[in-house]
1. Residue 41 versus (1) surrounded by 12 or more Cβ atoms within 10 Å (Cβ to Cβ); (2) modelled with pLDDT of 80 or more; (3) over 25 Å from residue 130 (Cβ atoms); (4) out of contact with any strand residue (DSSP E or B) (no Cβ under 6 Å at 6 or more places or on another chain): which is the lone unmet condition?
2. Condition (residue is more than 30 Å from residue 20 (Cβ to Cβ) and outside the structural domain of residue 29 (by TED's automatic domain parsing)) applied to the stretch 134-150: is it met by at least one residue?
3. Being loosely packed, with under 11 Cβ neighbours inside 10 Å and without any contact (Cβ under 8 Å) to a residue 12 or more places away in the chain is the filter here; which residues of the stretch 17-37 pass it?
4. Go over the candidates 137, 113 one by one and state the one that is closer than 16 Å to residue 166 by Cα and either at pLDDT below 95 or in contact with a helix residue (DSSP H, G or I) (Cβ under 6 Å, 6 or more places away or on another chain) (or both).
5. How many residues does the stretch 141-175 hold that are modelled with pLDDT under 90 and either touching a helix residue (DSSP H, G or I) at 6+ places or on another chain (Cβ under 9 Å) or farther than 28 Å from residue 25 by Cβ (or both)?
């Protein structure tokens, strides 16, 4: 702000809106601190608090709204579940490779493949549930960062679903070869 006389006529609310435009932190999520005190009365003029051109004002806040914060928390829960399912798929991939290399006794291979196939289907179901959880989030008014986070998680789930489908197909093919 260039002119100190003009600045004296700003309310804290008007200043907060300017800060929002500059920083992207919504006015509702801002906390302004001046001389160690939190400024809560947004109707005050700068002149009434002793603010000058050389004064320092601290802004604390988050770019996300309260609703966005709740959505992010839910998405983090989904990400944790997806990571656990991905780890399970990694384990199942290793187990299938071990069966295909003959590391499991021949009389146990059929039973092992059937169990493995069921576990892959359970992973597919778990990933589908996580997609449903993401679809249930209403993000129409959310920031683009939140919407992009959801898109990233959806893409990751889709890649894992493709991988799980391939693993299920491979385990069924191995079972068919075993029964020939």
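1. So the condition that residue 41 fails would be (1).
2. There is at least one residue in the stretch 134-150 that is more than 30 Å from residue 20 (Cβ to Cβ) and outside the structural domain of residue 29 (by TED's automatic domain parsing).
3. Of everything in the stretch 17-37, those that are loosely packed, with under 11 Cβ neighbours inside 10 Å and without any contact (Cβ under 8 Å) to a residue 12 or more places away in the chain turn out to be 21, 22, 36, 37.
4. Answer to the selection: 113.
5. Of the residues in that region, 6 qualify.
The values are calculated or read from the model by the stated rules, or taken from the named source; none is laboratory data. Model, not experiment: these values are computed from the prediction. Virtual Cβ from ideal backbone geometry, glycine too; neighbours counted across all protein chains shown.
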